[in-house]
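Asker: Mind having a look at this structure? Questions to follow.
The values are calculated or read from the model by the stated rules, or taken from the named source; none is laboratory data. Small disclaimer: the values here were computed from a predicted structure and weren't measured. So basically every Cβ, Gly included, is an ideal-geometry build from the backbone, and we count neighbours across all protein chains shown. Accessible surface areas use protein heavy atoms only, side chains included; no ligands, DNA or RNA. Shrake-Rupley method; radii C 1.70, N 1.55, O 1.52, S 1.80 Å.
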Amino acid sequence: VVNSLVGVALNFTPAYPGSGSEADLLAAQRHNGYVSGWFLDPIAGWGYPEHMVRLYGDLMPVFPSTDLDLIAAPIDVLGVNYYQRVLVVHEEQNGGILQLAHLERPGAFTANREIFPKGLGDVLRDLHFHYGFQNLLVTDNGAAYQESPDASGFVSDQNRIDFISDHLLEVARARADGIPVNGYFARSLLDGFEFSDGYTIRYGLCHVDLNTMKRTPKASAHFLRSLRMD
């Protein structure tokens, strides 16, 4: 389509070190290199992350240099999928090539993830100020809960409203700092089948009655409808 924007959406689960030690800082770097750096750095034209290439050594596959030129072709927009962070520490006995361990996180949780809105703001700042991306979209962000409708089929999901509101506040702060975040997409419009969790948890802004397929907007849907991005 003429004049369409072309880009890619990546999953970001930023790692934070469990302490200020150099070993834990490097463990967080390894996690971020593995989860997002492998993809993000080549798109930015930086090639594969040097610290990851060194880490993998002889295990690192060899690719034609022309591959990196193709991957580094300019994109119009970068999508940001964000749900949670991880806390990591260096683990000498891990035995794996990453040599890190995940810590239990102390914050509040949805049905399946920690709630950490600040992580979204940190990712957006890194993408713009460090990598230089000029058009960002939050393409996937939302909260799953085990919830039930009232007799009319309505779900008063204040917990989801709080989740979305707190993450939108991070978007607003990023925009106030000059970061070009030009859209936000909540997951998801409808309740659906959630990978290994099946129908036991729900992300939707609209409740779906699995017997009748009736769809009823939740309180969070009305909340989002009331907003506008200035």
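Asker: Can you find a residue in segment 118-126 that is within 16 Å of Y203 (Cα to Cα), touching a residue at least 24 places away in the same chain (Cβ under 8 Å), open to solvent by 30 Å² or more (accessible area, probe 1.4 Å) and not hydroxyl-bearing (S, T, Y)?
Answerer: No, the conditions are met nowhere in segment 118-126.
Asker: Can you work out which of the residues in segment 146-172 that are surrounded by 16 or more Cβ atoms within 10 Å (Cβ to Cβ) and touching a helix residue (DSSP H, G or I) at 6+ places or on another chain (Cβ under 6 Å) is farthest from F223 (Cα to Cα)?
Answerer: E170
Asker: Checking L26 against (1) open to solvent by 30 Å² or more (accessible area, probe 1.4 Å); (2) farther than 30 Å from N112 by Cβ: exactly one of these is not met. Which one?
Answerer: For L26, the failing item is (2).
Asker: Would you call S156 modelled with pLDDT of 95 or more and more than 30 Å from D41 (Cβ to Cβ)?
Answerer: Details: modelled with pLDDT of 95 or more: yes; more than 30 Å from D41 (Cβ to Cβ): yes.
So S156 passes the test.
Asker: Output the residues belonging to segment 19-48 that are closer than 30 Å to P106 by Cβ and more than 20 Å from the chain's Cα centre (by Cα). Working first, answer last.
Answerer: First, pick out the residues of segment 19-48 that are closer than 30 Å to P106 by Cβ: 19-40.
Hits for segment 19-48 are S19, G20, S21, E22, A23, D24, L25, L26.
Asker: Counting only residues that are of a type in the set (G, A, S) and modelled with pLDDT under 95, how many does segment 130-153 have? Let's see the steps before the verdict.
Answerer: Narrowing segment 130-153 to residues of a type in the set (G, A, S): 132, 142-144, 148, 151-153.
Restricting the remaining residues to those that are modelled with pLDDT under 95 gives 148, 151-153.
Adding up the residues that qualify gives 4.
Asker: Can you tell me which residues in segment 118-143 are among the charged types (D, E, K, R) and under 26 Å from E194 (Cα atoms)? Before the answer, list the steps.
Answerer: Let us first name the residues in segment 118-143 that are among the charged types (D, E, K, R), namely 118, 122, 125-126, 140.
Of everything in segment 118-143, those that are among the charged types (D, E, K, R) and under 26 Å from E194 (Cα atoms) turn out to be K118, D140.
Asker: Considering only segment 134-145, state which residues are of a type in the set (S, T, Y) and open to solvent by 40 Å² or more (accessible area, probe 1.4 Å). Spell out the reasoning first.
Answerer: Just the residues of segment 134-145 that are of a type in the set (S, T, Y), to begin with: 139, 145.
Result: T139, single match.
Asker: Regarding segment 52-60, can at least one residue be identified that is basic (K, R) and free of Cβ contacts under 8 Å to residues at least 24 places away in the same chain?
Answerer: Just the residues of segment 52-60 that are basic (K, R), to begin with: 54.
This time we only want the ones that are free of Cβ contacts under 8 Å to residues at least 24 places away in the same chain, so: 54.
Yes, the conditions are met somewhere in segment 52-60.
Asker: Please work out which residue is nearest to V35 (Cα to Cα), limiting yourself to segment 82-92 and to residues that are open to solvent by 20 Å² or more (accessible area, probe 1.4 Å) and assigned to a strand (DSSP E or B).
Answerer: Step by step, filter segment 82-92, then rank; the result is L87.
Yes/no matrix, rows are residues, columns are (1) open to solvent by less than 80 Å² (accessible area, probe 1.4 Å); (2) assigned to a loop (DSSP other than H, G, I, E, B); (3) of a type outside the set (V, I, T):
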site: N11; (1), (2), (3): no, no, yes
site: Y16; (1), (2), (3): yes, no, yes
site: W38; (1), (2), (3): yes, no, yes
site: P42; (1), (2), (3): yes, no, yes
site: G47; (1), (2), (3): yes, yes, yes
site: P61; (1), (2), (3): yes, yes, yes
site: D67; (1), (2), (3): yes, no, yes
site: A73; (1), (2), (3): yes, yes, yes
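Asker: Look at segment 99-115 and say how many of its residues are open to solvent by 40 Å² or more (accessible area, probe 1.4 Å) and in contact with a strand residue (DSSP E or B) (Cβ under 9 Å, 6 or more places away or on another chain).
Answerer: Of all residues in segment 99-115, those open to solvent by 40 Å² or more (accessible area, probe 1.4 Å) come to 99, 102-106, 108-109, 111-113, 115.
Retained after the next criterion (residues that are in contact with a strand residue (DSSP E or B) (Cβ under 9 Å, 6 or more places away or on another chain)): 99, 102-106, 108, 111-112, 115.
So the count comes out to 10.
Asker: Which number in (1) among the acidic types (D, E); (2) open to solvent by less than 80 Å² (accessible area, probe 1.4 Å); (3) within 27 Å of R85 (Cβ to Cβ) marks the one condition that D209 misses?
Answerer: Against the list (1) among the acidic types (D, E); (2) open to solvent by less than 80 Å² (accessible area, probe 1.4 Å); (3) within 27 Å of R85 (Cβ to Cβ), D209 comes up short only on (3).
Asker: I need the full set of residues from segment 61-98 which are of a type outside the set (D, E, K, R), within 25 Å of E22 (Cα to Cα) and in contact with a helix residue (DSSP H, G or I) (Cβ under 9 Å, 6 or more places away or on another chain), in order please. Even if it seems obvious, please write down each step before you answer.
Answerer: Narrowing segment 61-98 to residues of a type outside the set (D, E, K, R): 61-66, 68, 70-75, 77-84, 86-90, 93-98.
Then keep just the ones that are within 25 Å of E22 (Cα to Cα); that gives 84, 86-90, 93-98.
Q84, V86, L87, V88, V89, H90, I97, L98, listed by residue number.
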